[in-house]
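Take a look at the structure set out below.
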Amino acid sequence: MRRVGVWLGVAGGLMLGMSGAGAADLPPGPNRELVLRECQACHDLERIADSNETREIWNTLLDAMTSYGLRVSPEDRAKILDYLSTALGPKPVP
């Protein structure tokens with residue numbers, strides 16, 4: 001539970017960073033463009049690209065982003081979660 005609380009704090013910090021990191025910061029994969037469009041609108045992607053989190057943590061972060069104003073359909077949210085947990089999970093797919 002402590003780790004989730006720490007990541008919720010990081011989620012708030014992610015909303016503050018707006019350096020506009022480029023698409024090259026995210027690995028290729030299905031739904032990468034969706035993640036770029038939805039996430040890069042509010043913060044840089046460097047912090048996301050450097051995170052190798054579990055699906056559970058990514059899900060918690062998406063919940064936090066929803067509370068900050070992220071509005072995506074349930075289908076797009078599932079696609080974003082799939083990309084994050086696969087391409088940027090603890091064992092990313094090459």
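Can you pull out the residues in the stretch 23-59 that are of a type in the set (S, T, N, Q) and either within 13 Å of residue 87 (Cα to Cα) or in contact (Cβ under 8 Å) with a residue 40 or more places away in the chain (or both)? Show your work before the answer.
In the first step, residues of the stretch 23-59 are kept if they are of a type in the set (S, T, N, Q); the result is 31, 40, 51-52, 54, 59.
Result: 31, 51, 52, 54.
Got a sec? Which helices (runs of 4 or more DSSP H) wholly within the chain have at least 1 residues that are more than 10 Å from the chain's Cα centre (by Cα) and at pLDDT below 85?
2-16, 46-49
Look at residue 62 and say whether it is of a type outside the set (Phe, Trp, Tyr) and surrounded by 19 or more Cβ atoms within 10 Å (Cβ to Cβ).
yes
The values are calculated or read from the model by the stated rules, or taken from the named source; none is laboratory data. Remember, it's a predicted structure, so these values are computed and weren't measured experimentally. Methodologically, a virtual Cβ is constructed for each residue, glycine included, from the backbone with ideal geometry; neighbour enumeration extends over all protein chains shown.
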